[in-house]
Amino acid sequence: MKSQLVLQWCEPNLPDFDQLIAIEESLIAVIGQYGEIDGHDVGAAECDIFIETHEPMNCFDALRLACGRASWFAMLTAGYRRLDELAYNPVWPAGMVSFKLA
């Protein structure tokens, strides 16, 4: 079943639009076989990058291994849901108990 993995930044740690696009472009090569970028959303208090994947945890692990030392990664939260579900499962940071979109 296909899932949606969401990478999220919230105030005060929002990347600017150019940074968000650069992050998105760098992720294309990183996630490779695990999924594809499905766009982004920029709001007043939140930025999100959406990834469609059949393997959300493997996709995130590949992303974490490749980008875990990037400055933007330290400010990231992440979660995923199956496309036929509404609730998100928290992924990052470790120990996070809930994840939702604004």
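Quick note: the coordinates plus some simple rules give every number you see, no bench work behind them. Source: prediction; values computed, not measured. Here Cβ is always computed from backbone atoms with ideal geometry, including for glycine, and neighbour counts include all displayed protein chains.
Brief remarks follow.
- The set of residues from the range 1-38 being charged (D, E, K, R) and within 19 Å of Phe60 (Cα to Cα) comprises Lys2, Glu24, Glu25, Glu36, Asp38.
- Of all residues making up the range 3-21, the number that are touching a residue at least 24 places away in the same chain (Cβ under 8 Å) and over 15 Å from the mean Cα position of the chain (by Cα): 2
- Residue within the range 50-72 that is hydroxyl-bearing (Ser, Thr, Tyr) and closer than 17 Å to Ile37 by Cβ present: yes
- Only a single item in (1) closer than 26 Å to Met1 by Cβ; (2) touching a Pro at 6+ places or on another chain (Cβ under 9 Å); (3) surrounded by fewer than 17 Cβ atoms within 10 Å (Cβ to Cβ) is not met by Arg64, and it is number (2).
- Residue ID - surrounded by the fewest Cβ atoms within 10 Å (Cβ to Cβ), chosen from residues in the range 83-101 that are over 19 Å from Arg64 (Cα atoms) and either touching a helix residue (DSSP H, G or I) at 6+ places or on another chain (Cβ under 7 Å) or charged (D, E, K, R) (or both): Asp84
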